[in-house]
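Undergrad: The structure that follows is given in the form of structure tokens.
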Amino acid sequence: MKSSRLFPRRLLASRHRRARLLTIAGSGVVAVVGAAVLVGFHTELHPITPAGGTASELTTRQVVGIRTFTQPAEGITVTPDVVYGTQPDGSLLTLDVCTPAVRAGARSPLAPAVLSIHGGSWARGDKGNSDWRGVCEWLATEGFVAFSVNYRLSPAAVFPAAIDDVSLAVEWLRTPSVSDRYRIDPRRIGVFGGSAGGNLAALLGARGSGPLTEGSRVAAVAELSGPIDLRARQLAADGTAPSLQHSVLDYLGCEPADPCPQAAEASATTQLDVSDPPVFLATSADDYVPAAQATRYAGELERHGIRHDVVTVPGALHSIGILDQAMRARVAAFLHDTLGR
């Protein structure tokens, strides 16, 4: 059942207040595709952000997934660290903007927008690391205005801080001064996320109800390797790694013995209704996040009659590690189909 009720939090409850907006003036299609993993190819085509707090969830040094995207379209403008809101303590919430110079085949003077959400177990990662900057530039190359967002991280800020932040970012995109500045159509906003960012993208799509053109609603969801159902029983049944289960508890602000009712509220599988947008979801067969998560999510989308495309690739690459040329083509086709050009 979809719910907007926020459960009381044991940990740092004062940090859960909604961040303040900074005002300025179907049926599932299941496919198994071959992974373009570039076996044995280790040459780095661009510098990779060193491992650490801001590095992406793609831990391998190999050139796989989004790292195979090496030719952004000419004229893309990257504007870093644009403020979209403030945290409860007054510090700033920021995003990077990747704007295409020319939108080939555009049918409208206003571009569709895609909010890009990095992964990192809700505890690390950054919008501007080399991998997620690649995602931002790829989306702009496809003709979208891409907004790569940072959000509050656990354990300093626990649920619902992160989802509140990305929801706020969508509301910010719809303010007239922002949509005018970036020449985006506020009726055509989608979201793309990987790993923990996939969880947030899926939840953003399921949060709320009604028209997809208002408030923090989005018109399309694309997610890779997201842990979608965070309820302890489901995580255990899926064979989820203890390290991921620990990250989930940190994110939710729960102890292992807690009932943790917020787990259901943080799970898109429990929040869907028939008004929710189309979804593209992809995973690898031996992903760190068990593929059973994608299967359960697809089943709930089917049950609610929500259009969804499901892709499973062989291997164990995770999140944007599976975002190779073939996967990028699939995601872009889905986003163009749902958001237009």
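Undergrad: List CYS254, CYS136 from most exposed to least, where exposure is judged by having the fewest other Cβ atoms within 10 Å.
TA: Numbers: CYS254 22, CYS136 28.
Going from sparsest to densest Cβ surroundings: CYS254, CYS136.
Undergrad: Mind listing the phi-derived Karplus ³J(HN,Hα) values for segment 270-282, rounded to whole Hz, using 6.51, -1.76 and 1.60 with θ = phi - 60°, and x for any glycine or proline?
TA: My calculation for segment 270-282 gives 9, 10, 5, 9, 5, 8, 6, x, x, 10, 10, 10, 9 Hz in order.
Undergrad: Which order, highest average first, do 144-155, 203-214 follow once you tally other Cβ atoms within 10 Å for each residue and take the mean per peptide? Show your work: numbers first, answer last.
TA: Numbers: 144-155: 24.9, 203-214: 19.7.
Per-residue Cβ counts within 10 Å, averaged per peptide and sorted highest first, yield 144-155, 203-214.
Undergrad: Give the calculated FRET efficiency between SER177 and SER209 to the nearest 0.05, with a Förster radius of 25 Å applied to their Cβ-Cβ distance.
TA: My answer for the efficiency is 0.40.
Undergrad: Just order 64-70, 157-163 by mean Cβ neighbour count inside 10 Å, highest at the front, would you? Spell out each step's value before the answer.
TA: Details: 64-70: 21.3, 157-163: 24.4.
Descending packing order for the listed peptides: 157-163, 64-70.
Undergrad: List the residues whose amide H sits under 5 Å from the amide H of THR86, counting only those 5 or more places along or on another chain, with H placed 1.01 Å from N in the peptide plane.
TA: Long-range HN contacts for THR86: ARG20, LEU22, LEU93.
Undergrad: Hey, another quick one. Work out, step by step, the length gained on full extension between ARG107 and ARG303: first 0.36 nm times the residue separation, then minus their alpha carbon distance; give nm to one decimal.
TA: Values: separation 196, 0.36 × 196 = 70.56 nm, distance 3.38 nm.
Going from the current span to full extension adds 67.2 nm.
Undergrad: Also: With the crude spin-label approximation of a point 7 Å out along Cα→Cβ, what separation in nm comes out for ALA237 versus SER91?
TA: The two pseudo-label positions are separated by 3.8 nm.
Undergrad: Additional query: With viscosity set to 1.567 mPa s at 4 °C, what whole-number translational diffusion coefficient in µm²/s follows for segment 260-315 from Stokes-Einstein and a Kirkwood radius over Cα pairs? Walk me through the numbers on the way to the answer.
TA: Numbers: Rh = 12.1 Å.
In µm²/s, the coefficient is 107.
Undergrad: Report, to two decimal places, the Cα Rg of segment 13-339 normalised by 2.2 N^0.38 Å (N = number of residues). Working shown, then result.
TA: Numbers: Rg = 18.1 Å, N = 327, 2.2 N^0.38 = 19.9 Å.
With N residues counted in segment 13-339, Rg over 2.2 N^0.38 Å equals 0.91.
Undergrad: Can I ask one more? FRET efficiency for ARG187 and GLU74, Cβ-Cβ distance as r, R0 = 35 Å, nearest 0.05?
TA: Computed FRET efficiency for ARG187 and GLU74 comes out at 0.75.
Since every read-out is calculated from the coordinates, none of them should be taken as a lab result. Computed from a prediction, not measured in an experiment: that's the story for all the values here. For neighbour counting, all protein chains shown are included, and Cβ atoms are generated from backbone atoms with ideal geometry for every residue, glycine included.
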